[in-house]
Structure formats: C-alpha cells, structure tokens
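Structure first, then comments.
Throughout, read-outs are computed from the coordinates displayed, never taken from laboratory work. Since the model is a prediction, treat every value here as computed from it, not as a measurement. All Cβ positions, glycine included, derive from the backbone under ideal geometry; neighbour counts span all protein chains shown.
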C-alpha cells in the first residue's frame, strides 16, 4: 500500500537530527507507527504475537540486547517493555549521537518512567490527517507562503463541495478510514474509536477503573458544546442531569481524555486592548478531530442537511485541526479571542517570531461580511491601543483571514483574505 506523506515526516527528521531518541505521541489510530517506519532502518514490534513472549523476556532480563540493530531503530508499543526507556536513555548518553531510536505506542496506556528523558528522548505530537494530507484539499494556498508574501495571494478555487466537507468532518482524518473502500466503512472508523475511548481506553490510560457511562456522557456533553466557551459548571451540570458524578471525579475523567489526546481545548489570547474583565479567558472546548463529536452525537452526514448551526461548530473544529497540523511545520500555535462585547476571532495563529494571523471560520458566503467586521475591529482596537500606549505597543496582525467552505478565494478591499479550507496546505 502506498504511503501517504504526512506533514509530521519533516518534523520527525528534525527531531532525529537534534536528539538521540524521539517518542511520537498522539491519539490512537493517527498513523504514528506507519510514519515512524518510513524513517526507521530496523524495528521491533511488541504486538507481534509470534515474537512477543521472547521479546518481552529479553526486555525484562537484558533490554540492551534489543537495541542492537541498524539505526534509527524503532520500538513499536514500547510501553509493553518499560525497561526500554531507561536503557535507551543510557544508550543515548553513552553513544553521544543523534537519531538512534524512535518510540511509538498506544496513547491508551501511560507508563511512569524513572527518568523524564529530557534532552535525550524528545516528544513529537502527531495529529490525524489534515484535508491536504488526505487529498481533500488541493493545496493551492500555502499557509507558510501567505505569511512570507501575502501580497502574492491572488485568489484560488476549491474543488471541495459542502457535501465533501460534511463527509470529511464525519469521517475524520484517521488513516484507516482512507483505506476502506466504501463510505459506510470509512465512517465506521471514528465510531469505533469513540466507543473504544469511553469503554476501554479511559480506564487503561492509567489503570484506574472508570465508569464507561460517565465517560460517554462527558464526551457527549463536550460534543454538544464543541468550539464554544462552555464553562465547567455547564458541562458538569449536563452530566449530573443523568449521573451522580462529583466535580473531582469529573476533572479526573477530563484529564484522562486529554492524556488520550481526545480532548484538545484551545487557550485564550488576551492582548491589552480591552480591560482585563472584558476579555474571556476560559478555554474553548474542542476535540483533536471533529469526527469524535459526530460519533458522540450519533449523527450521519445526512443530518447536516437540516442543521447548519451544529455544522458550523464542527467546521470550526475541522479548520482548527488543519491549522494546527499546517502550522506545526513552522512551529506555530493556536489561540482564540473573545470579549464580553461579542467581538471575536475564532482563531489566532501565532508564529514563534511574533507574527500572527487573526482568523474567522465561516462555512457559507453569507457570513463572510460579519467575520471581516470582527477582524477589522480587532485591528482597529490594536491601533487605538498603540496610539495611547506608545511605550508598550501591540503588534498588528500580519494576516486577516476568513476560512470558508465556499468555492472561491479572494482578497477583499479591506485586506481580509477569504480562503476555502479546500485550498489550504502547510
């Protein structure tokens, strides 16, 4: 089967260049092992039942023997042989070379190690596939090039229809779904991952027995509040309506879902353009992939023909997932802006050199004007702040972007770029 290139491939090259070993983490089923095998020159798979018993015996008695092999050497499901961590850490110290080992494993099992591995074993987060990686986006607009030369953007055309976007949201970016031949079987992958999360993985992650019904209820509440600023008391009250769960227990479940890379909340951006009390600072509720929310709500692609409001929130989740993946190629990070006056930017994309983009997500063309007003008003407030506070100016946005589900992309007279999600790449 032909390997579909991932944006994380180049990031793994950098990690191997900079560190002795790299641990790839991320949600179950996002393709960690497959991508690691593209770089490894030898590997050991602890889930191979024909070799498992022998490998585990060696790892327990003399783990250093397993390090023998061409480098980089991959250890898949390494957590089944926890002594490997310290052995690899020592090997990196002894050999003094980089790019020796790659570790991958299930996110559903957390292992406590005697040493952190700092400066020896680096972590690399991997996400599900973006629309560009799954070939749903034609990639005619590079996010990196937009920051470098925004004046060169002269429009674009997406081949991705609204129906295509809906299906991509429901299917998710799980590599397994792309290898399935029918749409029905493609949609089943996210459903199974959702079921595994609340029934098995929520307890396996740290060997604490948890109630699957409570976990399911939390995921369902999160789904109904996806890409909103719903407070903890709202989510907890939603679950407590049917189950007697305490606040401490609720937070323990949330923490476990974060460790599983299922919940992936967005932090607030709080520039000094309003009073501190005016700017919302709570986290925006989100999943690593919109398909989890669709599965939790028990919805099908056909449902969204009648519910564009819910679709809008899921579209935002899809866009945030893709922007996180694309911006990871140049060390970007994501936040949001919202104040009590209703002024917002769905996303603020920050680069490590200080540049940033204000972004709104609007599925349909009729919402573009309102989104542009928000972005321009935030820019105006920053200018106003800088006129008053000349000693502490705030950098103006390098880009103002509205990401849409429409066909055509263009530059507005006010400088706002309208770009279909079906045209973006890293």
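Here the contact order of the stretch 249-376, divided by its residue count and restricted to Cα pairs under 8 Å and six or more residues apart, works out to 20 percent. Summary of packing: across the peptides 172-178, 62-68, the per-residue average of other C-beta atoms within 10 Å ranks them, highest first, as 172-178, 62-68. Pair-distance distribution P(r) for the chain, from all Cα-Cα distances in 10 Å bins starting at 0: 4, 20, 28, 26, 16, 5, 1, 0 percent.
Looking at the chain only, what percent of DSSP beta bridges run antiparallel? Nearest 5 please.
Working: 16 of 47 bridges.
If we restrict to bridges inside the chain, about 35 percent are antiparallel.
Stretched out straight at 0.36 nm per residue, the stretch from residue 211 to residue 255 would grow longer than its current Cα-Cα span by 14.4 nm.
Which whole-number percent is the relative contact order of the chain (Cα, under 8 Å, 6+ apart)? Before the final figure, lay out each step's value.
Working: 769 pairs, mean separation 74.9, N = 426.
Reported relative contact order: 18 percent.
Shape class of the stretch 135-288 from the Cα gyration tensor (axes a ≥ b ≥ c, square roots of the eigenvalues): oblate, since a/c reaches 1.5 or more and a/b does not exceed b/c. Computed packing ranks the peptides 377-388, 254-265 as 254-265, 377-388, most packed first, by mean other Cβ atoms within 10 Å.
Calculate for the chain the 222 nm mean residue ellipticity that helices alone would give, adding -39,500 (n - 2.57) per DSSP H run of length 4 or more and normalising by residue count, nearest 500 deg cm²/dmol. Present the calculation step by step, with values, prior to reporting the outcome.
On the way: 14 runs with 165 residues, N = 426.
Here the helix-only value at 222 nm equals -12000 deg cm²/dmol.
Shown is the FRET efficiency for residue 144 and residue 49, computed with R0 = 30 Å from the Cβ-Cβ distance and rounded to the nearest 0.05: 0.10.
The distance separating the Cα centre of the stretch 193-265 from that of the stretch 286-320 comes to 18 Å. Alpha-carbon geometry of the stretch 1-159: the Rg and the Dmax are 18.4, 63 Å, given in that order. Among 40-49, 121-130, 282-291, sorting by the average number of other beta carbon atoms lying within 10 angstrom of each residue, highest first, gives 282-291, 121-130, 40-49.
What is the Å³ per residue value for the convex hull set by the Cα atoms of the stretch 265-360? List each step's numbers first, then the result.
Numbers: hull volume 10.3 nm³, N = 96.
Per residue, the Cα convex hull of the stretch 265-360 comes to 107 Å³.
Each Cα pair of the stretch 81-216 feeds into the Kirkwood radius, which the Stokes-Einstein equation turns, at 20 °C and 1.002 mPa s, into a diffusion coefficient of 112 µm²/s. Once R0 is set to 51 Å, what does the formula 1/(1 + (r/R0)^6) return for the Cβ-Cβ distance between residue 232 and residue 94, expressed as a FRET efficiency to the nearest 0.05? Efficiency for this residue pair is about 0.60.
Sketch the reach of a paramagnetic label on residue 381 as a point 7 Å from Cα along Cα-to-Cβ, and name the residues of the stretch 253-295 whose backbone nitrogen lies under 12 Å away. Once the point is set 7 Å along Cα→Cβ of residue 381, 269-281 turn out to lie under 12 Å by backbone N, inside the stretch 253-295.
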